[in-house]
Amino acid sequence: MTLPKLRIALPKGSLQQATVALLESAGYSVWLAERSYSPAIDDPELEATLIRAQEIPRFVEQGIFDAGITGWDWVKETGAKVKQVCELVYSKQGFSEARWVLAVPQESKVHRVSDLQGKRVTTELVNVTRKFLAAHKVKAEVEFSWGATEAKVPLLFDAMVELTETGASLRAHRLRIVEEVLRTSTRLIASKQAMSDAWKTKKAENLATLLEGALRAQGMVGVKMNVARRDLNKVLAVLPALKRPTISDLADEKYVAVEVVAEEKVVRDLIPELRRAGASGIIEYPLRKVIP
């Protein structure tokens, strides 16, 4: 009997490593041979292919893939009619949104979008940039950039629209941001055909649940401790910013077990305070997934 499969496109390039790491955190093992475009996943119901993120929305729309992981920017750029299964806020450098920004050299006389009237702009995000300029009633020449965009301003172009996470690369090239064009994050998308199939819809939603759970667990830890009942209020007072802790009875009726989930960077300062408040047997443990 042939097993049904969800054909999924994974992003090759800057998002590849972060995506594989997220899949592994979600419980999947992923193997990729050198120069291979077909990762092996230890789920016989998933069939993965590596494709550049820019191309994924179009191929998903066409039904070549049932689903794909790509950036919202490329969905907007291609205008692909696809279904969003979930938003996954991660990038190649961390767990936050990225921004496409309009940038110019520090010494440029361009200080607002209207100053680009009749100027030349370079970007990989051509269609979104043209719509952005049209919305500001600015007529400017927009040309596709094949890379090294920062090096083309001001020698070849007056301005650029470029993706940034921290702004460090722009500052290093002595460029300043004029205005934000688009905020983007990674999305799990699916074709309309796939989402009309009950099995594929359920499989895509199951994958989304695990990926979202793995993302929520990033930077989070669990903390468990024993607390004498007489000290419970003092210990709970140390936890005001955390979600309600779980309190369980122990065999020794004089003690309870208290368990919480918190940000790891908070816990490093919290543990000494918990100990002073009367907690003992404190255990900190990593989390793989957090499912609300």
Overall dimensions of segment 66-116 by Cα: Rg and Dmax, Å: 15.8, 48
Neighbour-limited loop hits for chymotrypsin sites (Phe, Trp or Tyr not before Pro), segment 1-45 (at most 15 other Cβ within 10 Å; DSSP other than H, G, I, E, B): Tyr37
Restricting segment 135-214 to chymotrypsin sites (Phe, Trp or Tyr not before Pro) in coil, as DSSP defines it, with at most 15 other Cβ within 10 Å: Trp146
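Relative contact order for the chain using alpha-carbon pairs under 8 Å, separation at least 6, rounded to a whole percent? List each step's numbers first, then the result.
Details: 570 pairs, mean separation 57.5, N = 292.
Relative contact order here is 20 percent.
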For segment 98-183: rounded, prolate or oblate by the Cα gyration tensor [a/c cutoff 1.5]: rounded
Set of lysines near Lys234 by C-alpha distance (under 18 Å), chain-local residues within fewer than 8 positions excluded: Lys224, Lys243, Lys254
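For Asn127 and Glu259, what is the calculated FRET efficiency with R₀ set at 51 Å and r taken between the beta-carbons, to the nearest 0.05? The partial results should precede the final answer.
On the way: r = 50 Å, r/R0 = 0.98.
With a Förster radius of 51 Å, E is 0.55.
Just from its helices, what would the mean residue ellipticity at 222 nm be for the chain, if runs of 4 or more DSSP H residues each count -39500 (n - 2.57) and the sum is divided by every residue, rounded to the nearest 500 deg cm²/dmol?
Values: 8 runs with 77 residues, N = 292.
Mean residue ellipticity, 222 nm, calculated: -7500 deg cm²/dmol.
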Label-point separation in nm, Thr209 to Val89, each point 7 Å along Cα→Cβ: 2.3 nm
Segment 98-183, relative contact order [Cα under 8 Å, separation at least 6], %: 51 percent
Candidates per trypsin sites (Lys or Arg not before Pro) in segment 7-47, loop by DSSP, up to 15 other Cβ within 10 Å: Arg35
Under Karplus coefficients 6.51, -1.76 and 1.60, residue-wise ³J(HN,Hα) of segment 202-213 in Hz, glycine/proline x: 5, 5, 5, 5, 4, 4, 4, 4, 6, 5, 5, x
Sorted by Cβ density within 10 Å, fewest first, the residues Asp43, Asp269: Asp269, Asp43
Selected from Val223, Val256, Val85 as most flexible by GNM, with the chain as the system and alpha-carbon contacts under 10 Å: Val256
Restraint check, Lys12/Lys200; Lys5/Lys265; Lys200/Lys265; Lys81/Lys265; Lys202/Lys289, Cα-Cα greater than 30 Å: Lys5/Lys265; Lys200/Lys265; Lys81/Lys265
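Calculate the all-directions average of the projected area of segment 1-89's alpha-carbon convex hull, and give it in nm².
On the way: hull surface 24.9 nm².
Orientation-averaged projected area of the Cα hull: 6.2 nm².
Lysine pairs in segment 98-183 8 or more apart or on different chains: how many have alpha carbons under 18 angstrom apart?
On the way: Lys109/Lys119; Lys109/Lys139; Lys109/Lys152; Lys119/Lys131; Lys119/Lys137; Lys119/Lys139; Lys119/Lys152; Lys131/Lys139.
Taking segment 98-183 as the scope, the lysine pair count is 8.
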Values of log10 I(q)/I(0), in the order q = 0.17, 0.24, 0.27, 0.34 Å⁻¹, for segment 1-43 under a Debye, Cα-only, solvent-free model: -0.51, -0.95, -1.13, -1.39
Rounded to whole Å, sorted largest first: equivalent-ellipsoid semi-axes of segment 1-149, Cα gyration tensor: 36, 16, 13
For Ala140, residues with placed amide H under 5 Å, excluding near neighbours: Gly118
Global geometry of segment 152-277, whether rounded, prolate or oblate, following the gyration tensor of its Cα atoms and the 1.5 cut on a/c: oblate
Beta bridges by DSSP in the chain, antiparallel share as percent, to the nearest 5: 75 percent
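Could you give the length gained by full extension between Thr2 and Gln117, i.e. 0.36 nm per residue of separation minus their alpha carbon distance, to one decimal place? Write out the running numbers ahead of the final one.
Values: separation 115, 0.36 × 115 = 41.40 nm, distance 5.91 nm.
Working it through step by step, the gained length comes to 35.5 nm.
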Debye intensity ratio in log₁₀ form over the Cα atoms of segment 220-286, taken at each q of 0.15, 0.20, 0.23 Å⁻¹: -0.39, -0.71, -0.95
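No value in this document is a laboratory result; all are computed from the given coordinates. Computed from a predicted model, the values in this text were never measured in an experiment. Cβ sites come from the backbone with ideal geometry, for glycine too, and all protein chains shown count toward neighbours.
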